Amino acid sequence: MTRRIVGISLKMYFGHARATEWFAQVASRVAAHDAVASGSVEVFVTPTFLQVPAAVAAFRDTPVRVGGQDVAAEAEGAFTGEVSAYELAEVGARLAEIGHAERRRLFAETDEVVARKTAVSLGAGLEPLLCIGETERQDPEDAARASVAQLRAALAGAPEGSVIVAYEPVWAIGAPEPAGEEHVRIVAGALREALAGRPGSAVIYGGAAGPGLLTRLGGAVDGVFLGRFAHDPDALMTVIDEAGASA
Ligand SMILES: O=C(CO)COP(=O)(O)O
């Protein structure tokens, strides 16, 4: 069975009060959603590290999983300011978002660092959420080659285990519109093939994703990774409904 996934990153958009209010609203609505309750649609959220315990508490009675937006490349030690995959798991997080375009661009995260974060997360029992995508707008075939190379680099030396690949063309992040359906279909198809050795893995699309996109993409992806367009819980529930309709 293929997975149907709706993920949300809150990035650093919300302060604590607004984040906890959003968790409460979304938790009560997903708790009443048949496709989420039955497990046919998986929902996850990556809030800021400080918001992780509040999110874990808010979603405790739901199947919604919580993840960190980043994770340390080392398991423990003298790494000031970092958060270990093991501590994330200890407080109830289940995923680690790794290599988001903003971290690669603004914090100089390299493929090598991404690979260490992936390996340590799998070792800690977290499912890596690997953010992959070409930087410049280009042919889908070229984008597919660049994205598959990035994915292979991220998985170099990683132990067994499923991953979620968030295919996010960098040029579509923060843009008014997502990448075109044909572009996503070609790149996501190549990424799925590259994941053949990791059963249970999934490819979701991110970058200006919002209501309507999953329906247009059909089976080309296993879900979507939302940013801005999930701030309104109504819009998020619309996307979850679409995921349920296509499960
Ligand atoms: O980067 C993203 C999700 O991590 C996408 O963000 P936007 O949907 O706001 O473009």
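Take the Cα atoms of the stretch 89-149, find their three principal axes, and give me the spread along each one in whole Å, biggest first.
In descending order, the Cα extents are 42, 22, 18 Å.
Within the accessible area of the chain, what % is carbon and sulfur when the probe is 1.4 Å and the other protein chains stay in place? Display every interim value, and only then the final one.
Working: 5640 of 10570 Å².
On the chain, the fraction of accessible area on carbon and sulfur atoms equals 53 percent.
With charges set only on the Cβ (+1 for Lys and Arg, -1 for Asp and Glu), what does the dipole of the stretch 5-246 come to about its Cα centre, in debye to the nearest 20?
140 debye
Starting from the amide H of ALA166, placed 1.01 Å from N in the peptide plane, find each other amide H under 5 Å away whose residue is 5 or more places distant or on another chain.
LEU130, CYS131, ILE132, ILE204
Which values, in whole Å and largest first, are the semi-axes of the equivalent ellipsoid of the stretch 136-247 obtained as the square root of 5 times each eigenvalue of the Cα gyration tensor?
Those come to 23, 17, 12 Å.
GLU109's amide H: which non-local residues (gap 5+, or another chain) put their own amide H closer than 5 Å, with H modeled 1.01 Å from N in plane and none for Pro or chain starts?
Sorted by chain and number, the residues that satisfy this are ARG104.
Using modelled amide H (1.01 Å from N, peptide plane; none on Pro or chain starts), what sits under 5 Å from the amide H of PHE44, excluding residues fewer than 5 places away?
VAL6, GLY7, ILE8, ARG65
Per residue, how many Å² of accessible area does the stretch 5-246 show with a 1.4 Å probe?
It amounts to 42 Å² per residue over the stretch 5-246.
Report D for the chain in µm² per second (integer): Stokes-Einstein, Kirkwood Rh on Cα pairs, 20 °C, 1.002 mPa s.
In µm²/s, the coefficient is 121.
Where does the stretch 50-133 land on Rg/Rh, using Cα atoms and the Kirkwood Rh?
Rg divided by Rh gives 0.97.
Could you work out how much longer the chain between ALA32 and GLU76 gets when fully extended? Use 0.36 nm per residue separation minus the Cα distance between them, nm to one decimal.
Result: 11.9 nm gained on full extension.
The values are calculated or read from the model by the stated rules, or taken from the named source; none is laboratory data. Computed from a predicted structure; not experimentally measured. With ideal geometry, Cβ positions are generated from the backbone for all residues, glycine too; neighbour counts draw on all protein chains shown. Heads up: the accessible areas ignore ligands, DNA and RNA and are worked out on the full protein's heavy atoms, side chains in. Shrake-Rupley method; radii C 1.70, N 1.55, O 1.52, S 1.80 Å.
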